[in-house]
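Inspection log for the structure reproduced underneath, given as structure tokens.
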Amino acid sequence: MTEFFYGVIEGFYGRQWSWQARADYARFFSEQGFGCYIYAPKGDAYLRKDWDKPWPEEEFTRLLDLSVTYKKAGVRFGLGLSPLGLCEDYSKQQRHLLKARVEQINALKVDTLCILFDDMPGVNPALAQCQLAIVDDILAVSDAPEHIACPTYYSFDPVLEQVFGQMPANYLSDFGAGLPRQLGVFWTGNQVISTAITVADIDRVTALIGRPPVLWDNYPANDGRKTANYLNLRPYAGRSEALKGCLKGHCVNPMNQPELSKLVLMTLADLYGGAGGYDSDRAGALALQSISPEQLRIALSRDMTRFQDQGLAAMDKQQIKTLLDCYNGFDQPAAREVAAWLRGEYRFDPDCLTG
């Protein structure tokens, strides 16, 4: 990845996107100029807690079909392998299992293989060295032309040490120094969910890891203990086109709701690909114009602040009923997602420890 790109990583907890939604997104990404889609949902056990087991045939076939769909659309298809527990026991047997796993991934012909150590205990004092050994062993087998690694401590946010233990001394600098220069490194900003990301913020981590990072942007993701209570529909803010000059790439972790996520993702495309400078209000208004029919567009415009600021927990039963009556009246994917959220169908996943 020599040129800056922006894309999406489906890397959230909780209710996953449907296979149809993933396939449909290929055209959307192509139209909006997104460079890649990375399949890495935390709910796919075969990427995380059961990483050493092969996918069942049906699921593997779906992934293979998805890879083909994205290649036809001219969008790079990626996958995120998150070998939970491997740093606690990286034995000869585990190395053998890891090799077999990567060989199965090779059959998917992924364009980008992500090696993800996020949201794992950091208790190993030689954490960086163990992870670098894992990366080296994966690279020795992987056929993917591009690779991105995610460190366990992927932000300066103190919540990571509160949940996963104290970061080993010099972890980030050792991790960066030991990786091949061409590998990308994910970073979420100063916080796990960063409200603002500046060039100075990126320069700070660049000096630490020895390369421009790939931003893993956790807005508008809403899979956490607090964030599952909201629908994040506002356009991008706190980021500027100047980031293009200091990042290797910008990957967005979207909401559990694929249709509603498009309203925010379209504004990212405007941030990096629009003409005449980025204006968040203008970008948000243009994104909203993609919603039809008009009455649904009016409803979403009316309720956007309530959904993002007040949240579901603050609504009483009558408010929820009134809103449900409204959105149930539309036979439209985005409206169905709003109604499902109002019914409590997008509940918090307790596996999301940093939310």
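The values are calculated or read from the model by the stated rules, or taken from the named source; none is laboratory data. Only a predicted model underlies this, so the values are computations on that prediction, with no experimental measurement involved. Ideal geometry is used to build each Cβ from the backbone, glycine not excepted, and the neighbour counts take in all protein chains shown.
Among the residues of segment 138-170, those identified as surrounded by 21 or more Cβ atoms within 10 Å (Cβ to Cβ), touching a residue at least 60 places away in the same chain (Cβ under 8 Å) and not in a loop (DSSP other than H, G, I, E, B) are I148, C150, L160. Are any residues in segment 75-100 of a type in the set (D, E, K, R) and free of Cβ contacts under 8 Å to residues at least 60 places away in the same chain, and if so, which ones? Residues satisfying the conditions are E88, D89, K92, R95, K99. The numbered conditions (1) loosely packed, with under 14 Cβ neighbours inside 10 Å; (2) closer than 27 Å to P213 by Cα; (3) modelled with pLDDT of 95 or more; (4) not basic (K, R) are all true for Y25 except (1).
If I go through segment 304-336 residue by residue, how many of them are among the aromatic types (F, W, Y) and farther than 19 Å from N256 by Cβ? Residues flagged as among the aromatic types (F, W, Y) and farther than 19 Å from N256 by Cβ within segment 304-336 amount to 1. What tally of residues in segment 204-247 results from selecting those that are surrounded by fewer than 20 Cβ atoms within 10 Å (Cβ to Cβ), within 18 Å of D349 (Cβ to Cβ) and acidic (D, E)? Summing the residues that are surrounded by fewer than 20 Cβ atoms within 10 Å (Cβ to Cβ), within 18 Å of D349 (Cβ to Cβ) and acidic (D, E) in segment 204-247 gives 0. Within segment 25-52, take every residue that is among the charged types (D, E, K, R) and touching a residue at least 40 places away in the same chain (Cβ under 8 Å) and give me the one that is farthest from L263 (Cα to Cα). Within segment 25-52, the match that is farthest from L263 (Cα to Cα) is D52.
Restricting segment 294-313 to residues that are free of Cβ contacts under 8 Å to residues at least 24 places away in the same chain and more than 26 Å from the chain's Cα centre (by Cα), the residue that is farthest from Y346 (Cα to Cα) is E294. Total residues in segment 316-349 satisfying the condition of being in a loop (DSSP other than H, G, I, E, B) and in contact (Cβ under 8 Å) with a residue 12 or more places away in the chain: the figure is 9.
Among helices (runs of 4 or more DSSP H) entirely within segment 248-308, having at least 1 residues that are modelled with pLDDT under 95, of a type in the set (G, A, S) and closer than 26 Å to L79 by Cβ singles out 258-273. Just one residue in the set Q32, Q16, Q20 is touching a helix residue (DSSP H, G or I) at 6+ places or on another chain (Cβ under 7 Å) and not hydrophobic (A, V, I, L, M, F, W, C); that residue is Q32. Looking across segment 289-326, the residues that are in contact with a Lys or Arg (Cβ under 8 Å, 6 or more places away or on another chain), under 30 Å from Y6 (Cβ atoms) and either surrounded by fewer than 18 Cβ atoms within 10 Å (Cβ to Cβ) or not hydrophobic (A, V, I, L, M, F, W, C) (or both) come down to Q289, S290, M304, Q308.
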